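Trainee: First the structure, which I've put down as structure tokens, then a few questions once you've had a look.
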Amino acid sequence: MTRTVVVLGAGPAGLPVAHCLLRRTAKQHPDLRIILVSPHDAFYWKFASVRFVLPGQMGEDKYMFPLADYFASYSSKTFELVIGAAETLDPERNAVGVRVGEELREIEYHTLVVATGSRARDGMPWKEVGTTAQTRAALIKLQTAIRDARSIVVAGAGVTGVEFAGELGSAYAKAGLKDVTLVGTEALPLETRTKDDVRKVTKHELEKLGVKYIGGAKVTTGAKDDKKGKTVVTLTRSDGSTETLTADLVVPTFGVVPNTAFAPEVMRDGPLGYMKQDANLRAPGYENGERIFKSSCPLLS
């Protein structure tokens, strides 16, 4: 009897899980069949997104890699790549509904691996934005906006915001081509769990690149000035006071949303909606095989 493992998501977790199952587990279990489900048909190297969102920095062939090419060596008897987005999950029936074009395809499984990851807020291309075509469109839109802007405000001074501001500084601000401002909620950039010495050096290095840092503030509103075509940004300080900035472009770099809307509410945890899991990365109450993987091959050993 064929045993089907469905892997939802072909990102940094789902992709190596599928490969490991095919290369290692399938050799020992010839009845195993792997179905990899992904809404995008190309692997997106999101870790470099803070650089390639700048126009002209990197070609698409350096950060988008067709998924089909990486699975061409596997037999269709043991592997299937489904380009579609998971919309429903019925753990009682061991079935997941996947939107493939106009069709909702139901796929039954013995084991389900949830590796759908998360997406950036406001449709920013720090991570995948829906399909590959939608991600590409979001990327081109941001690249064009960066190219045309003379002043840029980066909202959020976490790792993404700091790296992005640094790239902008290196490419533009240091040479006086664009004004770049980084806004963070803390007095120093990066999270408070980072050593203060590191955060101080980070702020200093950003300033050397021509980036202005505004700490202890949060971007609370942003409205377009139709007359000038600029965005008026309101900053709210920790003491409640406010001030405004005017910029050609405001880029949010904070917050992610888990891609778990397909799962029943009982399987999701709290208002953020992350998947519930135990110490073994299993979905509590569903011992028939659902597993939530956050890493790659070692989890299968």
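Trainee: Looking only at the stretch 109-143, count every residue that is assigned to a strand (DSSP E or B) and either more than 21 Å from Gly14 (Cα to Cα) or in contact with a Phe, Trp or Tyr (Cβ under 7 Å, 6 or more places away or on another chain) (or both) and tell me the total.
Mentor: Residues that pass the stated criteria total 2.
Trainee: Right, here's the next one. What single numbered condition from (1) crowded, with 19+ Cβ neighbours inside 10 Å; (2) within 28 Å of Ser38 (Cβ to Cβ) fails to hold for Leu168?
Mentor: Failing condition for Leu168: (2).
Trainee: Tell me which residues, restricted to the stretch 156-186, are of a type in the set (Gly, Ala, Ser) and under 20 Å from the mean Cα position of the chain (by Cα).
Mentor: Scanning the stretch 156-186 gives Gly156, Ala157, Gly158, Gly161, Ala165, Gly166.
Trainee: Right, another one. Is it fair to say Val198 is surrounded by fewer than 16 Cβ atoms within 10 Å (Cβ to Cβ), without any contact (Cβ under 8 Å) to a residue 12 or more places away in the chain and either in contact with a Leu (Cβ under 8 Å, 6 or more places away or on another chain) or closer than 20 Å to Phe47 by Cα (or both)?
Mentor: In short, yes.
Trainee: Would you check if Ala68 is assigned to a helix (DSSP H, G or I) and assigned by TED's automatic domain parsing to the domain that holds Lys276?
Mentor: When the stated conditions are applied, Ala68 passes them.
Trainee: Residues to consider are Val219, Val266; find the one that is out of contact with any helix residue (DSSP H, G or I) (no Cβ under 9 Å at 6 or more places or on another chain), at pLDDT 80 or above, farther than 30 Å from Glu186 by Cβ and not in a loop (DSSP other than H, G, I, E, B).
Mentor: Of Val219, Val266, the one residue that is out of contact with any helix residue (DSSP H, G or I) (no Cβ under 9 Å at 6 or more places or on another chain), at pLDDT 80 or above, farther than 30 Å from Glu186 by Cβ and not in a loop (DSSP other than H, G, I, E, B) is Val266.
Conditions tested, residue by residue: (1) crowded, with 16+ Cβ neighbours inside 10 Å; (2) hydroxyl-bearing (Ser, Thr, Tyr); (3) assigned by TED's automatic domain parsing to the domain that holds Val162; (4) within 28 Å of the chain's Cα centre (by Cα).
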position	(1), (2), (3), (4)
Tyr213	yes, yes, yes, yes
Thr220	no, yes, yes, yes
Pro264	no, no, no, yes
Leu272	no, no, no, yes
Leu281	yes, no, no, yes
Glu287	no, no, no, no
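Trainee: Identify the residue in the stretch 47-68 that is within 15 Å of the chain's Cα centre (by Cα) and either among the aliphatic types (A, V, I, L, M) or crowded, with 18+ Cβ neighbours inside 10 Å (or both) and, among all such residues, is farthest from Ile152 (Cα to Cα).
Mentor: The residue in question is Met64.
Trainee: Follow-up. Give the residue that is nearest to Val82 (Cα to Cα), with candidates limited to residues of the stretch 11-37 that are touching a residue at least 60 places away in the same chain (Cβ under 8 Å) and assigned to a loop (DSSP other than H, G, I, E, B).
Mentor: Once the filter is applied, the top-ranked residue is Gly11.
Trainee: Can you pull out the residues in the stretch 91-139 that are among the β-branched types (Val, Ile, Thr) and assigned by TED's automatic domain parsing to the domain that holds Glu287?
Mentor: Val96, Val98, Val100, Ile107, Thr111, Val113, Val114, Thr116
Trainee: Of all residues in the stretch 94-120, which are basic (Lys, Arg) and either at pLDDT below 95 or within 17 Å of Met275 (Cα to Cα) (or both)?
Mentor: The one that is basic (Lys, Arg) and either at pLDDT below 95 or within 17 Å of Met275 (Cα to Cα) (or both): Arg119.
Trainee: Hey, among the residues in the stretch 234-253 that are of a type in the set (Gly, Ala, Ser) and closer than 14 Å to Ala217 by Cα, which one's modelled with the lowest pLDDT?
Mentor: Ser238
The values are calculated or read from the model by the stated rules, or taken from the named source; none is laboratory data. What you see is a predicted model, and the numbers here were worked out from it, not measured in a lab. In this analysis, Cβ positions are derived from the backbone assuming ideal geometry, glycine residues included, and neighbour counts consider all displayed protein chains.
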